[in-house]
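Read the structure below first, then the notes.
The values are calculated or read from the model by the stated rules, or taken from the named source; none is laboratory data. Please read these numbers as outputs of a predicted model, since none were measured by experiment. All Cβ positions, even for glycine, are placed from backbone atoms using ideal geometry, and neighbour counts span all protein chains on display. Surface accessibility is based on the protein's heavy atoms, side chains included, excluding ligands, DNA and RNA. Shrake-Rupley method; radii C 1.70, N 1.55, O 1.52, S 1.80 Å.
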Amino acid sequence: MSSSLAFMLRQQRLLVAALIVGFAVSAPNNAFAQPGTVLGEQKISQTTGGFTGPLNNFDFFGSSITSLGDLDGAGPSATAVAVGAPLDDDGAASAGAVWVLFLDAGGSVLSESKISATAGGFTGLLDANDNFGSSLAGLGDINGDGTVELAVGSPRDDDSLPPNTAGGDRGAVYILSLTPTGAVASHVKISASVGDFGGVLDSLDRFGSAVGAAGDIDGDGRVDLVVGAELDDDGGTGRGAAWVLFLDTDGIVLSEQKISGLDGGFTGVLDDNDGFGSAVVGIGDLDGNGTPDLAVAARNDDDGSDALANFGAVWILFLNGDGTVATHQKISNTDGAFTGILDRGDTLGYSLVAIGDIDGDAVTELAVGTANDDDGGTDTGAVWILFMNTDGTVALNRKISALDGGFLGPLGTSDNFGSGVAALGDIDGDGVNDLGVGARFNDDGGSTRGAAWILLLDGAVSTCGNGIVEGAEDCDDGNTEDADCCSSVCRFEGAGTRCLDNDLCNGTEVCDGAGTCLAGPVLNCNDSNLCTDDGCDALSGCINAANTAPCSDSNLCTTGDQCVNGVCAGQAPLNCDDGSLCTFDTCDDALGCLNEPALRNLCRVSEKGKLKIEIETLDPDETELEWKWQKGALVELQDLGDPTADTDYTLCIFDQDNGTVTLATELTVPANGAWRDKGSKGWDYKDHGTFDGVRKLKVRTGADGKARVDLKAEGLNLPMPSEVAPGQFFVEDPSVIVQMINSVGTCWESEVNPKVEFDD
């Protein structure tokens, strides 16, 4: 059916409704609104709707369907949808495929692209009977790179095992990043062996039999994914399970939570072969507690009847932030205030989607497929629109089938209308959300090639921006601005969409997909500078204020380091003076003080100096050191200073090894009363006390070749050269330089061959 024909039918229906109730044709649409009924439809198959395929027999096109939004941006389409054909034979028998359809406002196909083992840029490995495309879920832009992500179930994937072997049919899910043309830019596989999935999958679990966007359950700013494994055996054969996957932005699994009859806090009663997880979907925060909730179908549930009744059921799961179940509500033939009539084998929950609020009560509606409903013929199929209460019960239900809900079809026997359902948003621009429905066994063009229907729904017309959630609106915050998680057309902006909450300290804020702007990780204002006090202001962002704290500037040659204008600076140089005249005192920024043995320059030189060390082995008190500087260079009286008052004398004995100077020993004679003035001849020092050190020192003036210095030291612990080998106190080169330095700067020097005596 063309979009113009659908529009004409819609107008005719409105006119008839107006005449019946006696209103003028010009009355507002919502005066006659029957939310959930069909005002227009467009079929897409091998032979109609602008789709050129091609499809082959038994492709099962329409087994799944999901919305991709306006994938091509400013392109000609109103929206894009993905439709699964899980028995497509590209690459291998029943390997599966996904078709991306670009639709106009009436639901007709403008163009299409195929994703399979041989098409669409997909590089994943698909084997025979993988059934890629059995389930689909549009995830929005989960990583913020401008591309839309699509989750695709491949429930019979064997993770490279041979088909039909032990461990087979465990299942897998692919996260595809799509280009604007519907091709695959990149992909991530999640299975028992890849994608960082840590759960245990068994043979025949069929993980990926259903996939659904779950919103941001754990509040980390990233969209989460729910995956069905309808044949999981927790608690009994084929009872089923659902997995909540907490994803990283690249699609890799950060953690997971299983929900089954044995796990995840779920206390509902599941029987063998119920197929819990046959359909899964996030439904937003239904109960308003701040955590998104889930709907999980069990399409073969018997609701207390015999094991082959297969009426089907839907479980509403109210979640905790860790993905476990806090409470639940069942919707079935006998529970949850559902008043529709289900027959044996109808399989309520064959497919499932949250379609937003179409009746204006601010609570989302669910569309639930019953693909084996017999309205109009065996297994023709149907879809139920469930108008929900916030406690998970049904306020009103409306059926769409060959016989009900304003749907004109036609549908054929065994079409399986309702094998897939999708929330399409408001594609025709009338303010009411529309619906996509798969009919996987439709025979257009050949046996069970499949079809999809685009249904333009009736509902309460809304006025976006008036602050009231109406009709097809997901939200209405009183404005028509984007980037606040309620878009300019009052729809929830996708999970992961950037938003602003007017607090710059919240880091990068993103929408949770349910209307809330989630604070990102707290902005890290630490500039790693000890000289700033780091903080954050909601309006201006990071503040790094200079302080005056003590610090270290990493320069070992400064002291009192303190922060000044945001920089660590030393306040004073390090004093490296070790008080020794025998060393040259410097400072290295990285090493600190360096007090290295250093020969003085321009010393007065004696060529007849001698050095004698006598070591008394029996009486250490007799250990002696003598140095004589004889017939040395000119020394005048003023060169000697006044050792009785303020002039110290230091003896330095330097050993040498290949040009490397070491300080063998050092003795200091302080200025004190032990000195005697010898007039113009110089000074004498005598100390006969018990301390270890210099006992006698003579310093004499004299003309060139006449001046002399005599020194004698002894003691129990007299500072002596260390042995460099047994009985050897100097290196192999016997040349030793002795310098006497006083504190007024005069220096005497002799180079000698030392004599060492051992006295037993």
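Quick check on this structure: which one of Asp639, Asp687 is closer than 21 Å to Gly745 by Cα and acidic (Asp, Glu)? Please lay out each step first, then the result.
Working: Asp687 fails: closer than 21 Å to Gly745 by Cα.
Of the residues listed, the single one that is closer than 21 Å to Gly745 by Cα and acidic (Asp, Glu) is Asp639.
So which of Ala93, Ala82, Ala97 is assigned to a loop (DSSP other than H, G, I, E, B) and of a type outside the set (Lys, Arg)? Outline the logic, then answer.
Working: Ala82 fails: assigned to a loop (DSSP other than H, G, I, E, B); Ala97 fails: assigned to a loop (DSSP other than H, G, I, E, B).
Result: Ala93 is the single residue among Ala93, Ala82, Ala97 that is assigned to a loop (DSSP other than H, G, I, E, B) and of a type outside the set (Lys, Arg).
Yes/no matrix, rows are residues, columns are (1) aromatic (Phe, Trp, Tyr); (2) open to solvent by less than 10 Å² (accessible area, probe 1.4 Å); (3) more than 15 Å from Gly323 (Cα to Cα):
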site	(1), (2), (3)
Ala229	no, yes, yes
Gly238	no, yes, yes
Ala242	no, yes, no
Leu247	no, yes, no
Ser255	no, no, no
Val280	no, yes, no
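Can you tell me which residue among Leu139, Leu110, Leu125 is part of a strand (DSSP E or B) and either farther than 30 Å from Leu457 by Cβ or open to solvent by 30 Å² or more (accessible area, probe 1.4 Å) (or both)? Show your work before the answer.
Numbers: Leu139 fails: either farther than 30 Å from Leu457 by Cβ or open to solvent by 30 Å² or more (accessible area, probe 1.4 Å) (or both); Leu125 fails: part of a strand (DSSP E or B).
Answer to the selection: Leu110.
Mind telling me which of the residues Leu651, Leu602, Leu581, Leu625 ends up being in contact (Cβ under 8 Å) with a residue 40 or more places away in the chain, in contact with a Cys (Cβ under 9 Å, 6 or more places away or on another chain), among the aliphatic types (A, V, I, L, M) and assigned to a strand (DSSP E or B)? Reasoning before the result, please.
Working: Leu602 fails: assigned to a strand (DSSP E or B); Leu581 fails: assigned to a strand (DSSP E or B); Leu625 fails: in contact with a Cys (Cβ under 9 Å, 6 or more places away or on another chain).
Of the residues listed, the single one that is in contact (Cβ under 8 Å) with a residue 40 or more places away in the chain, in contact with a Cys (Cβ under 9 Å, 6 or more places away or on another chain), among the aliphatic types (A, V, I, L, M) and assigned to a strand (DSSP E or B) is Leu651.
Looking at (1) at pLDDT below 95; (2) closer than 24 Å to Ala213 by Cβ; (3) more than 37 Å from the chain's Cα centre (by Cα), can you tell me which one Gly425 breaks?
(3)
For every residue, the table says whether it meets (1) within 43 Å of the chain's Cα centre (by Cα); (2) modelled with pLDDT of 95 or more.
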| residue | (1), (2) |
| --- | --- |
| Gly284 | yes, no |
| Ala297 | yes, yes |
| Ala326 | yes, yes |
| Leu348 | yes, yes |
| Asp361 | yes, no |
| Thr370 | yes, yes |
| Thr378 | no, yes |
| Val383 | yes, yes |
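Go through the range 507-548 and count every residue that is open to solvent by less than 60 Å² (accessible area, probe 1.4 Å), touching a Gly at 6+ places or on another chain (Cβ under 6 Å) and either without any contact (Cβ under 8 Å) to a residue 24 or more places away in the chain or of a type in the set (Val, Ile, Thr) (or both).
Result for the range 507-548: 3.
Taking the options Phe318, Phe338, name whichever one is modelled with pLDDT of 95 or more and closer than 29 Å to Leu247 by Cα.
From the options Phe318, Phe338, the qualifying one is Phe318.
I'd like the full set of residues that are open to solvent by 50 Å² or more (accessible area, probe 1.4 Å) and either of a type in the set (Lys, Arg) or modelled with pLDDT under 90 (or both), limited to the range 648-672.
Listed by number, the residues that qualify are Asp657, Asn658, Gly659, Thr660.
Yes/no per residue for (1) touching a residue at least 60 places away in the same chain (Cβ under 8 Å); (2) assigned to a strand (DSSP E or B); (3) over 19 Å from Glu626 (Cα atoms); (4) over 60 Å from the mean Cα position of the chain (by Cα):
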{"position": "Thr662", "(1), (2), (3), (4)": "yes, yes, yes, no"}
{"position": "Tyr685", "(1), (2), (3), (4)": "no, yes, no, yes"}
{"position": "Met720", "(1), (2), (3), (4)": "yes, no, no, yes"}
{"position": "Val738", "(1), (2), (3), (4)": "yes, yes, no, yes"}
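It is to be established whether one or more residues within the range 157-175 are open to solvent by 10 Å² or more (accessible area, probe 1.4 Å), within 29 Å of Gly515 (Cα to Cα) and not basic (Lys, Arg).
no
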